[in-house]
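See below for the structure under consideration.
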């Protein structure tokens, strides 16, 4: 099996997992996690997952453009409070990146918003989940 086909199969299986858990947009996943997925402005996909973890929240955001070497400016907020800011580059051959972090569990419901803008193409991804 060639690498391109392997990446496509992986992307499809991950996409199916996230899409199945994203309808409705704020779906409750197994094990107390919340997952959502969607499309960016030019066809890339995003997935966002949040889960309570020992009094903190474990958060993972993934963007898949199917093109390696794409630089994206990434920001993640929790109830409008910035919890991550940085640049990520999609990795060849699959063309994706992920940001994994643990953040404080603020009082009340947590509304996470992740944004990623491709600095070459200006494609915009806006991900969101509530925990």
Self-check item: Close pairs (7 angstrom Cβ cut-off, 6 or more residues apart or separate chains): under 15 Å from residue 117 (Cβ atoms) in the stretch 73-85, outside any strand (DSSP E or B) and modelled with pLDDT of 95 or more anywhere
Solution: 73/119
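Let's see how each residue does on (1) closer than 17 Å to residue 36 by Cα; (2) in a strand (DSSP E or B); (3) within 15 Å of the chain's Cα centre (by Cα):
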residue: 62; (1), (2), (3): yes, yes, yes
residue: 67; (1), (2), (3): no, no, no
residue: 88; (1), (2), (3): no, yes, yes
residue: 100; (1), (2), (3): yes, yes, yes
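The values are calculated or read from the model by the stated rules, or taken from the named source; none is laboratory data. Just so we're clear, the structure is a prediction, and the values are computed from it rather than from any experiment. Virtual Cβ from ideal backbone geometry, glycine too; neighbours counted across all protein chains shown.
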